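Read the figures in this text as sums done on the coordinates, not as results from a lab. Worth saying up front: this structure is predicted, and the values here are computed from it rather than measured. Note that each Cβ is placed from the backbone with ideal geometry, even for glycine, and that neighbours are counted across all protein chains shown.
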Amino acid sequence: VVSDSEVIPFSVPGYACQRRTTLENHNSVLTDALSLLAENAELSDEDGRGVAFRRAAAVLKALPSAVTHVSQLTGLPCLGEHSLRVIKDILKNGTSSEVESTKASERFKALKVLTGIFGVGAKTADRWIREGIHNLQQLRSSGQTLNRAQQAGLEHYADIRQPVSTAEAEAIRGLVERAVASVLPGAQIVLTGGFRRGKLTGHDVDFLITHPEEGREVGLMPKLVSWLDSRGLLLYQKTSRNSYLESQDGPGRPPSNIDRFERCLSIFKLSTPEAAKTDLQDAAENGVQSEEDGESQSGELGQHLQRKAASERRWRAVRVDLVVSPVSQFAFALLGWTGSKLFERELRRWAGHERGMSLSSHALYDNKQVKRCTECRLTRLDKLAYLTTITFLKANL
Ligand code: DCP
Ligand code: MG
């Protein structure tokens, strides 16, 4: 038993973006529990509650040691009544009844399985559950019309659920670098997302691509995609074009959380290490890969068979996001695509509330100085913003 006088209270700044971001988590039992409740809220279309749990989890993740007594949390920001109740429950009983019952609930399990399909979001999953679809088998036999993304997602379900390793991310970087160097020499590519933050695994691989000469990046994405596709490296791709200038939330308007860069959501066909060398040679020589896709299977047995087939196959499916940015917006794009999602959200909130500025993945504007700006070339303000962002990056990443 610890007496209150022995307990050292923690202290952390209010915004997640003001804290040192670390990969070392001394409170993973607590943060896993809060993250699960956040996930359940997000999957139930309750984003407000989701953010509250994410903020609470981030505060605990930033602590320098494990919480042993609830009194250590006095005065910490972002710990609402609900989160505190869960924390107390775990400190006292080792588990939280709410977390355990959520984990065990049929609805949560079904939401996880269905939204685990690439192309399926919380709303679609909810509709399917209401129609009695709880798993892949039921989805397959339901006769639901699936769009192209969802079809690919279902076909490569087991592969896509499997975390991507740093080695795989590096292998994909190699492919994308070759592709970019071949279609636009001088273009630069950066691995962003979780891997840029030093995470050892990810759910996908994110790349940001630019060219040091403004404007040269225009038209890059279709060429890049067709280079990759013609070599049999893509199982699925959907490109959305850059809509920054025409968008509702262009410069001078409140920035949306979703950016407007030209973006390609894709599923790569990544050769397994043993096969990679010969396949790359084949790809380079023949321009196509000859292997057949694995048979689609359903249910848990299906997933097991998919995984088994994957180990016998010479390739696996990996989710990859490609984003192209003009160099004038590159710093903001890099900051915006490095994540985490909460860090980005908090950074934008901090910029708005504490500095009266609007930050997006395209630009940073002083709300007082710039009423409306329709031109997105480098202005004096952009240069200032660029420097501010770089300083921010250096201090926080
Ligand atoms: N991002 C964004 N706008 C989007 C999508 C993503 O600003 N529409 C940002 C925030 C994310 C980062 O890009 O942190 C990468 O997105 P991911 O979903 O890939 O997240 P992570 O890479 O951080 O995690 P994971 O390891 O699960 O891929
Ligand atoms: Mg990612």
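Look at VAL176 and say whether it is part of a helix (DSSP H, G or I), more than 15 Å from ARG319 (Cβ to Cβ) and not aromatic (Phe, Trp, Tyr). Don't jump to the end; show me each part of the working.
Values: part of a helix (DSSP H, G or I): yes; more than 15 Å from ARG319 (Cβ to Cβ): no; not aromatic (Phe, Trp, Tyr): yes.
So VAL176 fails the test.
Quick one: is THR201 surrounded by fewer than 21 Cβ atoms within 10 Å (Cβ to Cβ), among the β-branched types (Val, Ile, Thr) and within 12 Å of ligand 2 (Cβ to nearest atom)?
Details: surrounded by fewer than 21 Cβ atoms within 10 Å (Cβ to Cβ): yes; among the β-branched types (Val, Ile, Thr): yes; within 12 Å of ligand 2 (Cβ to nearest atom): yes.
Criteria met by THR201.
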